């Protein structure tokens, strides 16, 4: 039982990576052409939602069973980034670019933030100090995981129904995602700086 508890959270994370690949395959098959059956578009949306929910589950189990590991702390955010950034890249490419509301520069901003925080996390972890996600990072992930399927649905499904309310909602979510993504990097960098200062202070004693 203890072995299962140690391996299950990381197994769920690896399963999310597999779901990400399936999501990319399905979304690549959607053409947004007139008269196209929206079933594949809905399938892609639900695959993304299941993958995003699994992120909550593996973290909850790891904390509940006290099986948080360095491997899991590194793997989990990497898989999250593959899922979210991969989805955003598809949204700025045809056939979704004209209806998703996501601009290429927004994806650049998201990638830049993720690279910065990932680099900082690696630096802190290499010094032996755990550096898991904080509340700002979790909020950022939540907003991103809502924005991607909403924008995909806006481009592939809802836009055909000419729903102005949904279009406005998608636009609001995109801008909220950019703002939260940028702002969430600030506490992460400050926390890393504090951790490194503490490490240096302890090392000089």
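The values are calculated or read from the model by the stated rules, or taken from the named source; none is laboratory data. What you see is a predicted model, and the numbers here were worked out from it, not measured in a lab. All Cβ positions, glycine included, derive from the backbone under ideal geometry; neighbour counts span all protein chains shown.
Quick rundown of the values:
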quantity	calculated
The range 101-115, residues that are within 13 Å of residue 182 (Cα to Cα) and touching a helix residue (DSSP H, G or I) at 6+ places or on another chain (Cβ under 7 Å)	106, 107, 109, 110, 111, 113, 114
Within the range 22-49, considering residues that are outside any loop (DSSP other than H, G, I, E, B) and loosely packed, with under 14 Cβ neighbours inside 10 Å, the one modelled with the lowest pLDDT	39
Subset tally (residues that are over 15 Å from residue 88 (Cβ atoms), in a helix (DSSP H, G or I) and modelled with pLDDT under 90) for the range 137-170	12
Residue 75 being free of Cβ contacts under 8 Å to residues at least 40 places away in the same chain and either assigned to a helix (DSSP H, G or I) or surrounded by 15 or more Cβ atoms within 10 Å (Cβ to Cβ) (or both)	no
Yes/no for residue 67 being part of a helix (DSSP H, G or I), closer than 28 Å to residue 129 by Cβ, in contact with a helix residue (DSSP H, G or I) (Cβ under 8 Å, 6 or more places away or on another chain) and touching a residue at least 40 places away in the same chain (Cβ under 8 Å)	no
Residue list for the range 55-64, restricted to those being under 17 Å from the mean Cα position of the chain (by Cα) and either surrounded by fewer than 17 Cβ atoms within 10 Å (Cβ to Cβ) or over 22 Å from residue 131 (Cβ atoms) (or both)	56, 57, 60
